[in-house]
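Beneath this line is the structure, given in structure tokens, with notes to follow.
The values are calculated or read from the model by the stated rules, or taken from the named source; none is laboratory data. All values reported here derive from a predicted model rather than from experimental measurement. Reconstructed Cβ throughout: ideal geometry from the backbone, glycine too, with neighbour counts over all protein chains shown.
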Number of protein chains: 4
Amino acid sequence: MAKVAIVNVTSYMGAEVARLLCCHPHVQIVSVTGRSEAGKKLGEVLPHLAQIDLTIGIDPGEADVLFFSLPHKASAEAIVPLVGKGIRVIDLSADFRLKEPTEYQRWYDFTHPAPGLLRSAVYGLTELHRSQIKGSSLVANPGCYPTSAILALAPAVKERLIRPQIIVDSKSGVSGAGRTLSLQTHYAEVNESVSAYALEGHRHLPEMVQELGALQSSGQLSVTFLPHLVPMTRGILSTCYAELAAGKLPEGQRGIAELRQIYLDFYKGEPFVKVVGLSPQTKHTLGTNLCLIHPTIDLRTNRLVVISCLDNLVKGGAGQAIQNMNLMLGFPETLGLESLALYP
Amino acid sequence: MAKVAIVNVTSYMGAEVARLLCCHPHVQIVSVTGRSEAGKKLGEVLPHLAQIDLTIGIDPGEADVLFFSLPHKASAEAIVPLVGKGIRVIDLSADFRLKEPTEYQRWYDFTHPAPGLLRSAVYGLTELHRSQIKGSSLVANPGCYPTSAILALAPAVKERLIRPQIIVDSKSGVSGAGRTLSLQTHYAEVNESVSAYALEGHRHLPEMVQELGALQSSGQLSVTFLPHLVPMTRGILSTCYAELAAGKLPEGQRGIAELRQIYLDFYKGEPFVKVVGLSPQTKHTLGTNLCLIHPTIDLRTNRLVVISCLDNLVKGGAGQAIQNMNLMLGFPETLGLESLALYP
Amino acid sequence: MAKVAIVNVTSYMGAEVARLLCCHPHVQIVSVTGRSEAGKKLGEVLPHLAQIDLTIGIDPGEADVLFFSLPHKASAEAIVPLVGKGIRVIDLSADFRLKEPTEYQRWYDFTHPAPGLLRSAVYGLTELHRSQIKGSSLVANPGCYPTSAILALAPAVKERLIRPQIIVDSKSGVSGAGRTLSLQTHYAEVNESVSAYALEGHRHLPEMVQELGALQSSGQLSVTFLPHLVPMTRGILSTCYAELAAGKLPEGQRGIAELRQIYLDFYKGEPFVKVVGLSPQTKHTLGTNLCLIHPTIDLRTNRLVVISCLDNLVKGGAGQAIQNMNLMLGFPETLGLESLALYP
Amino acid sequence: MAKVAIVNVTSYMGAEVARLLCCHPHVQIVSVTGRSEAGKKLGEVLPHLAQIDLTIGIDPGEADVLFFSLPHKASAEAIVPLVGKGIRVIDLSADFRLKEPTEYQRWYDFTHPAPGLLRSAVYGLTELHRSQIKGSSLVANPGCYPTSAILALAPAVKERLIRPQIIVDSKSGVSGAGRTLSLQTHYAEVNESVSAYALEGHRHLPEMVQELGALQSSGQLSVTFLPHLVPMTRGILSTCYAELAAGKLPEGQRGIAELRQIYLDFYKGEPFVKVVGLSPQTKHTLGTNLCLIHPTIDLRTNRLVVISCLDNLVKGGAGQAIQNMNLMLGFPETLGLESLALYP
């Protein structure tokens, strides 16, 4: 039994780690923290977790694995002192995702406290970095949008099927904005409405550029990423567009078939990425660690269109974190992540 | 008082024409039809219209203006015999929107019964064809998606600000699919889910290409249009992407300001198109004939991004139809369309 | 043209007064206030009101009619100094609804600053107090739940059709909780969930007891009122239960018919209360000042069941306030309130 | 490994049985049927079940346990020939729930084909009939509403805490209406609306009367049950009201405490019924087999108020069916039902 602690369990992401780990056969949750609710029983604050008999504390104490679900900056400050002490850390914030320290100044408006750690931390997109994750003690769990966009585009970028001008139009449920109150997540404001946000640039963009850029041996990617808020609790659907590179795929339906085969080959054997033949719905991933990907071509305009969807709190967060934990601890990768989507 | 009849009032679009006309000061609804519910009082079938004391019939009878809200093909068959009889017809179907008869074969799978009428019918996007609508007796009311996309892109295309590769990513509420039952609009299937549909090409695409194409003096547009279903009843938000043409706009924030001014000038004096400085929400158009448009530039990649939103049943349908009726009958254009958005 | 001011326009109720008055033909909104947003243009804070060209202020200034949409206690403090100055005041808070000053201590936890005014203020449930409202300069606009419950039960209580043990089970949309942020109105908390609240007693109960009690000449009512939150923005549906008094109505279907006739007679000529023959939906009142009432009998158990529904922000608030204003100013009662429900 | 077949897997209830059994460690799904989709792979029709590699058939074939999720009448016709053949049957329809054959004529409008079986079938409300279920080969799984209402009221009725006049006001998500298309479950009709239905009497009423009646040694219950549709996919919340019987509980808060203790004692050791101290939300049961119950007293009127909630497709259907299967097969009762609620 691995002993696990969850820092900031009262965030939606922290609570989701607890929900999933509660049924994990080889894990024992030994402590949960959450500054504002410290001293209360977990089930008082989050009734769906009442079965986990723990009091919310301030200090995670000793554990084999620590999940951090703190805001950026606070996360780095809490994690840096733990590095090198033999503890495995999985950080759900952005603080160790970017390799280039100056990006933290640019996108997150703070000076990274341990830029030297950025190279050794592993970007925890399991399908791209599985072998490094296995040996890592500090995994930077990817953002929810980047998980959907990178998985959707990785095969096309790697195989250079497309020109480097990429558009990612994402639609997200409201839980992605977290449990902190704001007018933007007030029920009557967001219900029955769709809107785009972060038009001046969303913080998840540099992750996409970094990871997709690393997949192509040369050249620059030009990515426009625009997130939209839709009135539902969970789910992200990303629609990705790019012009096809000349001469890479046959014309017409044969091109679509070959494209699909490239995607199937790329994700062959992956337990949680499914290349599907029909347009997927976020509902088909609800509560699961799946990412569904549907690649196709707009034959009239010769454009690649890839649609991906996932549950932002599972494969886009807590689920992928546990998938990474399983790898780090040598467990079967799917352990604790087997349940099917809650449909309808 | 103009006498008005509504054909197929039991469709969502027909019912919305009735709702709006009920408060129109210069109009009297004299008859409503709906084959499957004929013989019933209107208020029995549609309780919100109980105040309109009419029985649903089969034949619209005599009227100054007829609104047709039939499915495609059926609409053309019903309208063709009326042409030239001095009746003003506003068709909410697609049957007179496209100028090229062969497009009906290609996109709608039927041979148009009166291809000669296609040239004389006016495409009822009010802001682009106001003067022709005034004198017309057959107005083809635009589709909901094309209204949002064409209004969003018209200034940029007309001023040749962009290269001709255009992506329109639209998000629509479920009422756009109409009142006919289907698993795709069954509550538990569509609630808490987002999905793309019509990946093989949506029927609203040729309208966009026709109208945007007519705005530029030369060259071909290459448009990818992908609609998405989101869990809400009303509203369309279209996000449009294109590379900026070289040398048309200054760099940086000055380019954004100039772009915005071009849009403000283009829609100057328009009662129902508002160029807004912040990312708009569909909620701010709920129940109104407004189209809100927010043009900006992704400065990192030099791409135009235009977001437009509207209520698919009002500016995207019944409201624009009444706006057109007002023009055809010489009424003030905004008559009956003054109410503000239902917020929250 | 009556000059009207709206105090605390940035609340949902204040904003709804503004939305409805904007199209009122005999009213001019001369000022709007809202402490936290003072100095901003109304359309910046509430884009759907952009057409009303006013800056949010702090002092309402001079006007013929003032609408107050402040929290309780603050409302009384602001209104008391205005009384007797010839201004007509419509208070949307609870501060002048209850006749018995001690009730404010009990239910609202404050000492009423002007208990003497409670008798002269008129409880603005239009259908019950129309003649007093006409001559009043201080109208206490009813709560949203009491409006639905009192209208549902008034004929039965007045005609003594029922025994005095009454249960009111109400279901409300989330906008009733206002625009102030709380975890209870955070989107992801309230979406896809139903719950009861205020089990220890809701503040709207004493209004129901006061008004229903006044309708019967003698005896005590025993009312249990339990509100529930349902995942939608607007609408209240109240289901009311009581045992039938012996010997008042015939048995079987004839009893139901007679009951219905009593309700029809009671509300004869009312423009905004409709007694309907089928179970009503809140959707059929969306955006309107209607209250739909369906009275019936559970013939197996001889219980009265009355279902009423309305839009909590219109007949349950701003709409009824304007209905009252029309009466106070001698305008036709329905002026500015004619639009039909937004369906679907 | 028990071999299990699911008849009519394409209904929401059948699909939910499959979803839950897929992760059950001691069960193998050997066949699934569904007339209209026979011949297709299960994952084609229900993508969330793609992992279950079966083709939809017509005949369930041989199995240790058969789950039937057919409409009433069809279910009895399919099950009767199987009785006495050593197969264990769990029927999710109403066809074996009622003990009195004439009730089928009255409520379901058909003559029961095997009235003799009604006495031997066990009503599968696990908490009330656990020992009989263990030995049964034909379990009639309870309706979703009766499960919530009977569990809410059983302790009060058994201990004779209340007078026999009972009101059950239930609020249900839309999935309870099944996957068959109807205007009542069309997205735009049901979204943003609440309504009561079945005012003339709902078919789930006789189950409540039968089971609650059996809990009291003498006297007649008078139950009014009114279901409401709320805009969410899953979940039922039932609010139950009754006058307290004289002299059974102390006055004031002590009465509430004693009431709560009676409920805690009644459900002591139950894995899936939790007596909670705060008003529960349906969200806290999403996807789980839990029923949360909150008993309290309206001290002003001396009325019992009990609120219960559950997921209509799990404890209100498929989950309880699997709980019963576990008992019938001698497995631990909670097997396959351990996952926590999907929150938020």
Notebook entry, point to check: Counting just the residues of segment C:295-327 that are within 14 Å of chain D (Cβ to nearest Cβ) and more than 20 Å from C:ALA154 (Cα to Cα), which one comes out surrounded by the most Cβ atoms within 10 Å (Cβ to Cβ)?
Noted result: C:LEU313
Notebook entry, point to check: For segment D:272-327, how many residues are part of a loop (DSSP other than H, G, I, E, B), within 14 Å of the chain's Cα centre (by Cα) and of a type in the set (D, E, K, R)?
Noted result: 1
Checklist line | Options B:ARG19, B:ARG35: the member that is under 21 Å from D:ALA188 (Cβ atoms) and surrounded by fewer than 17 Cβ atoms within 10 Å (Cβ to Cβ) | finding: B:ARG35
Item checked: Members of segment A:134-151 found to be in contact with a strand residue (DSSP E or B) (Cβ under 8 Å, 6 or more places away or on another chain) and crowded, with 23+ Cβ neighbours inside 10 Å, listed by number -> A:VAL139, A:ALA140, A:ASN141, A:PRO142, A:CYS144, A:TYR145, A:THR147, A:SER148, A:ALA149, A:LEU151
Notebook entry, point to check: For segment D:290-326, how many residues meet the condition of being among the polar types (S, T, N, Q) and closer than 16 Å to D:LEU161 by Cα?
Noted result: 3
Check: A:LEU292 fails exactly one of the following numbered conditions: (1) aliphatic (A, V, I, L, M); (2) farther than 27 Å from A:ALA245 by Cα; (3) within 14 Å of chain B (Cβ to nearest Cβ). What is the number of that condition?
Finding: (2)
Check: How do the pairs read when you match residues in segment C:269-283 that are in contact (Cβ under 8 Å) with a residue 12 or more places away in the chain and within 7 Å of another protein chain (Cβ to nearest Cβ) with residues anywhere that are assigned to a loop (DSSP other than H, G, I, E, B) and among the hydroxyl-bearing types (Ser, Thr, Tyr), using Cβ under 7 Å and keeping only pairs 6 or more apart or on different chains?
Finding: C:SER279/D:TYR197; C:GLN281/D:SER193; C:THR282/D:SER193; C:LYS283/C:TYR343; C:LYS283/D:SER193
Next item on the list: Among the residues of segment B:192-201, write down those that are more than 8 Å from chain A (Cβ to nearest Cβ) and on the phi > 0 side of the Ramachandran plot.
Entry: B:ALA198
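Can you tell me which residue within segment C:1-37, out of those that are charged (D, E, K, R) and at pLDDT 95 or above, is nearest to C:SER339 (Cα to Cα)? Spell out the reasoning first.
Of segment C:1-37, the ones charged (D, E, K, R) are C:3, C:16, C:19, C:35, C:37.
Pick out the ones that are also at pLDDT 95 or above and you get C:3, C:16, C:19, C:37.
On the way: C:LYS3: 22, C:GLU16: 14, C:ARG19: 12, C:GLU37: 30 Å.
Here the answer is C:ARG19.
Per-residue answers, yes or no, for (1) of a type in the set (A, V, I, L, M); (2) more than 14 Å from chain D (Cβ to nearest Cβ); (3) in contact with an Asp or Glu (Cβ under 6 Å, 6 or more places away or on another chain):
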residue: C:ILE166; (1), (2), (3): yes, no, no
residue: C:SER172; (1), (2), (3): no, no, no
residue: C:HIS186; (1), (2), (3): no, no, no
residue: C:VAL190; (1), (2), (3): yes, no, no
residue: C:ARG203; (1), (2), (3): no, no, no
residue: C:LEU215; (1), (2), (3): yes, yes, no
residue: C:SER222; (1), (2), (3): no, no, no
Next item on the list: Give the residue, chosen from D:GLU338, D:GLU333, that is acidic (Asp, Glu) and touching a residue at least 12 places away in the same chain (Cβ under 8 Å).
Entry: D:GLU333
Notebook entry, point to check: Do you know which residues across segment A:87-121 are free of Cβ contacts under 8 Å to residues at least 60 places away in the same chain, among the aliphatic types (A, V, I, L, M) and closer than 23 Å to A:GLU62 by Cβ?
Noted result: A:ILE87, A:VAL89, A:ALA114, A:LEU117, A:ALA121
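Answer yes or no as to whether C:SER222 is at pLDDT 95 or above, surrounded by fewer than 22 Cβ atoms within 10 Å (Cβ to Cβ) and more than 16 Å from the chain's Cα centre (by Cα).
Values: at pLDDT 95 or above: yes; surrounded by fewer than 22 Cβ atoms within 10 Å (Cβ to Cβ): yes; more than 16 Å from the chain's Cα centre (by Cα): yes.
Taking the combined requirement at face value, the residue satisfies it.
Here is a check on your reading of the model: is D:ALA156 away from chain C (no Cβ under 13 Å), crowded, with 23+ Cβ neighbours inside 10 Å and touching a residue at least 12 places away in the same chain (Cβ under 8 Å)? Full working, then the answer.
On the way: away from chain C (no Cβ under 13 Å): yes; crowded, with 23+ Cβ neighbours inside 10 Å: yes; touching a residue at least 12 places away in the same chain (Cβ under 8 Å): yes.
Against the criterion (away from chain C (no Cβ under 13 Å), crowded, with 23+ Cβ neighbours inside 10 Å and touching a residue at least 12 places away in the same chain (Cβ under 8 Å)), D:ALA156 qualifies.
Might you let me know whether segment B:158-167 holds any residue that is in a helix (DSSP H, G or I) and touching a Lys or Arg at 6+ places or on another chain (Cβ under 8 Å)? Before you say what the answer is, go through the steps one by one.
Within segment B:158-167, the subset in a helix (DSSP H, G or I) is B:158.
Cutting the leftovers down to touching a Lys or Arg at 6+ places or on another chain (Cβ under 8 Å) gives us none.
So far as segment B:158-167 goes, no, none of its residues is in a helix (DSSP H, G or I) and touching a Lys or Arg at 6+ places or on another chain (Cβ under 8 Å).
Could you go through segment D:171-179 and let me know if any residue there is surrounded by 16 or more Cβ atoms within 10 Å (Cβ to Cβ), in a loop (DSSP other than H, G, I, E, B) and in contact with a helix residue (DSSP H, G or I) (Cβ under 7 Å, 6 or more places away or on another chain).
Yes.
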Notebook entry, point to check: So which residues in segment B:40-56 are free of Cβ contacts under 8 Å to residues at least 40 places away in the same chain, more than 10 Å from every other protein chain (Cβ to nearest Cβ) and in contact with a strand residue (DSSP E or B) (Cβ under 7 Å, 6 or more places away or on another chain), if there are any at all?
Noted result: B:LYS40, B:LYS41, B:LEU42, B:VAL45, B:LEU54, B:THR55
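Quick one: is C:SER120 closer than 28 Å to C:ASN289 by Cα, small (Gly, Ala, Ser) and within 14 Å of another protein chain (Cβ to nearest Cβ)?
Details: closer than 28 Å to C:ASN289 by Cα: yes; small (Gly, Ala, Ser): yes; within 14 Å of another protein chain (Cβ to nearest Cβ): no.
Judged against the criteria, C:SER120 is not a match.
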Checklist line | Selected residue [among the aromatic types (Phe, Trp, Tyr), within 11 Å of chain C (Cβ to nearest Cβ) and surrounded by 24 or more Cβ atoms within 10 Å (Cβ to Cβ)] from D:TYR343, D:TYR241 | finding: D:TYR343
